[in-house]
Amino acid sequence: MSPGFLRHFLLICQFELTRLFFTRKGLLYLITFTFVWCFILFYPLRYTADILAQEKNVAAGGSLLDFMGWGSLLHWHIPTLAVYWHFALIIFPILTIFTSADQTCSDRERGTLRFLGLRASRNVLFFGRFAGTMLSHALLVVITLLSTVAVTVYQDATLFASAFNSAAAIMVNLLIVLLPFTAMMAVLSTTVKSARQATIWAILIWSFLAGIISLLSVYLPALGHLEVLIPGYQMATLSQLSQWQAIQLAYIPLLQSVVLLSLGCWIMHRKKL
Amino acid sequence: MSTPIIQCHHLSYSYTGKAALSDVSFTLFAGELVGLVGPNGAGKTTLLGLLSGFLPAPSGTLVLFGHQPGAAALSGKVSALPQDAKLDPAFTIGEQFRFYARLQGLTAKQSTTEAIRVLDAVSLVDSFKQKPDTLSHGMAKRVAIAQALIGSPELILLDEPTAGLDPVNTRNIRSIITELSPTTTFIISSHDLTELDRLCQKILLLENGLMSTPQLNAAGHNTLTRFITLQMEPSPVADVIEKFQQLKGVIQVSSPQKNEYIVQYNPDIEAKMDQQVLGCIVDNAWQYRQLSQGKTLEEKLFFNGNE
């Protein structure tokens, strides 16, 4: 990696963060996100955590959550973070699909990528935009986690150390989970003309790929392993694991990300700017 | 002239099977001011796109300053005005120019100074804090030209730089090019042949994806015959041709378009043909608008071959 690559990479990441915090569109997104998050934090998250705390006193196997298949929530030390983990595994990947869809497509259509392409290589543009988008996700994850920890500690200050440990585990695992989703959107962004097209394609690919693989595996069970190609394939298993246990499955999203980013980079080199 | 800065050999490029460039070869040296001309769809924008690295690698050899187009080593060395490219509407022009300057290696402080300098060069320094979508077409074009001037690029590729600009700004852009041309190499694609005739020392002609390099001789010196191009006020065509034809040393007189005449003559017989022609105009009480030595670029390139 040349010093020029690193310098350009950091500049592009920084510019992507500016897009989130200092542009009208980015600020609108942040304000909407904050309102939605406050609602989730103070209503569903807090009340579900209260229910969870009551369920912990029920004998093992006899809980309503065990009956619903959510018994893994009881393995967490802090109920609020247990609920956060389950919420986050649904909300953040969906949010990622929508917010990461425009990594390069509208800039290519507008011709802005040409101005950038004169000053930075295609590799650095692709990876810089991807990393910048991931950094934006990371910031939102950290903010939501800190607010959840704050609510937890406010209720019971003795949970401070334990809450930070759980929050760190959630942050690392959640960011690993989001990697292939962001990479998938980076790939789609290199091929389509708008963010809307990228989002539609993402939904189509996820539903069709899952459907086709399920259908084929009926006739040839070995093909069922192809499900590993779908970002989020491990999510059902992941939700059953608590805190640092979830890292066991990190290899799946990491491998998916490597494959998707390599594909995206390959496409980026073959497309006109 | 020293080492060539652009070496292009047997370059071909096609869009989904349709050839845009076929076996194009040329070499350019530092400091040259080159015009790229040709009809619509001839491949001019494709060639500039390949040189800028906007298009994926073609077949053939294309090397700029010893590197493939789009290489990181060319950042800040090669600059371009891409056709119809727009800045990001989410950021102000100043923010984007500063970012481009930073990518070219300037510090944060230098990048602000540089952004103001290039905007000032196109008389748009007031647009520093404006968003690109608030600009008119002509202003957006000037801003796009300004981004091509950031830093000290050694090669600037301009695709239709003056199309859509008013005469004052066209003149301004022309003077910027002339001012930079001793140290910066320019390739200018344009349909304005008068503009290119004024600016360029060398012309690359593209037709149907094929390139030729006409040997232009601005005034027609060092040749057996010379030309005078004359723009007249409305006058009797047959009479004008007949009278000019009678002048000593005239080989041929033609009228390629309304009120325009080209006088081909032998300088060994009559060296001061311009004076003879003017005398003839006065004697016949005709009016003329412009008299110039040689043929226009349009005539040289597209009619009657070279001199």
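The values are calculated or read from the model by the stated rules, or taken from the named source; none is laboratory data. In this text, all values refer to a predicted model and were calculated from it rather than measured experimentally. Backbone-built Cβ (ideal geometry, glycine too); neighbour counts: all protein chains shown. Note: areas computed on protein heavy atoms with side chains; ligands, DNA, RNA excluded. Shrake-Rupley method; radii C 1.70, N 1.55, O 1.52, S 1.80 Å.
Structure notes:
- Residue in the range B:206-227 that is at pLDDT 85 or above, within 24 Å of residue B:267 (Cα to Cα) and open to solvent by less than 70 Å² (accessible area, probe 1.4 Å) present: yes
- Of all residues in the range B:49-62, those satisfying the criterion of being under 23 Å from the mean Cα position of the chain (by Cα) and at the interface with chain A (Cβ under 8 Å from one of its Cβ atoms) are B:49, B:52, B:53, B:54, B:55.
- Residues that are among the polar types (S, T, N, Q) and farther than 15 Å from residue A:125 by Cα were ranked within the range A:9-25; the one that is most open to solvent (accessible area, probe 1.4 Å) is A:18.
- Filter result for the condition that a residue is closer than 17 Å to residue B:159 by Cβ and not small (Gly, Ala, Ser), over B:11, B:87, B:103: B:87
- Selection of the range B:279-289 for residues being in a helix (DSSP H, G or I) and open to solvent by less than 60 Å² (accessible area, probe 1.4 Å) yields B:279, B:280, B:281.
- If you go through the range A:26-55 and keep only what is among the polar types (S, T, N, Q) and either within 11 Å of chain B (Cβ to nearest Cβ) or surrounded by 11 or more Cβ atoms within 10 Å (Cβ to Cβ) (or both), you end up with A:34, A:48, A:54.
- Of all residues in the range A:93-102, those satisfying the criterion of being over 22 Å from residue B:84 (Cα atoms) and open to solvent by 10 Å² or more (accessible area, probe 1.4 Å) are A:94, A:95, A:97, A:98, A:99.
- Some residue of the range B:63-77 being in contact with a helix residue (DSSP H, G or I) (Cβ under 7 Å, 6 or more places away or on another chain), farther than 23 Å from residue A:267 by Cβ, more than 10 Å from chain A (Cβ to nearest Cβ) and of a type outside the set (Asp, Glu): yes
- Condition met for residue A:6 (open to solvent by less than 40 Å² (accessible area, probe 1.4 Å), more than 8 Å from every other protein chain (Cβ to nearest Cβ), assigned to a helix (DSSP H, G or I) and free of Cβ contacts under 8 Å to residues at least 12 places away in the same chain): no
- Helices (runs of 4 or more DSSP H) wholly inside the range A:103-222 containing at least 2 residues that are surrounded by fewer than 17 Cβ atoms within 10 Å (Cβ to Cβ): A:122-155, A:160-191, A:195-219
- Criterion: touching a Leu at 6+ places or on another chain (Cβ under 9 Å), away from chain B (no Cβ under 14 Å), farther than 23 Å from residue A:13 by Cβ and outside any helix (DSSP H, G or I) - qualifying residue of A:77, A:86: A:77
- Residue list for the range B:64-87, filter: open to solvent by 30 Å² or more (accessible area, probe 1.4 Å) and within 16 Å of residue B:28 (Cα to Cα): B:65, B:66, B:67, B:68, B:69, B:77
- Selection count where residues are closer than 14 Å to residue B:147 by Cβ and part of a helix (DSSP H, G or I), scope the range B:81-124: 20
- The requirement of being under 13 Å from the mean Cα position of the chain (by Cα), of a type in the set (Gly, Ala, Ser) and under 19 Å from residue A:37 (Cβ atoms) is satisfied by residue A:136.
- Of B:85, B:115, B:121, B:108, all but one fail to be hydrophobic (A, V, I, L, M, F, W, C) and at the interface with chain A (Cβ under 7 Å from one of its Cβ atoms); the exception is B:85.
- The listed residues are B:298, B:270, and the only one of them that is open to solvent by less than 80 Å² (accessible area, probe 1.4 Å) and in contact with a Leu (Cβ under 6 Å, 6 or more places away or on another chain) turns out to be B:298.
- Pick from the range B:150-171, criterion within 12 Å of chain A (Cβ to nearest Cβ) and not in a strand (DSSP E or B), ranking: nearest to residue B:30 (Cα to Cα): B:153
- Of all residues in the range B:91-105 being more than 26 Å from residue B:174 (Cα to Cα) and not hydrophobic (A, V, I, L, M, F, W, C), the one that is nearest to the other protein chains (Cβ to nearest Cβ): B:102
- Of the strands (runs of 3 or more DSSP E) that lie entirely inside the range B:1-80, those containing 3 or more residues that are in contact (Cβ under 8 Å) with a residue 24 or more places away in the chain and over 27 Å from residue B:118 (Cβ atoms) span B:4-15, B:18-29, B:59-64.
- Members of the range A:112-169 that are aliphatic (A, V, I, L, M) and within 12 Å of chain B (Cβ to nearest Cβ): A:113, A:116, A:118, A:120, A:124, A:125
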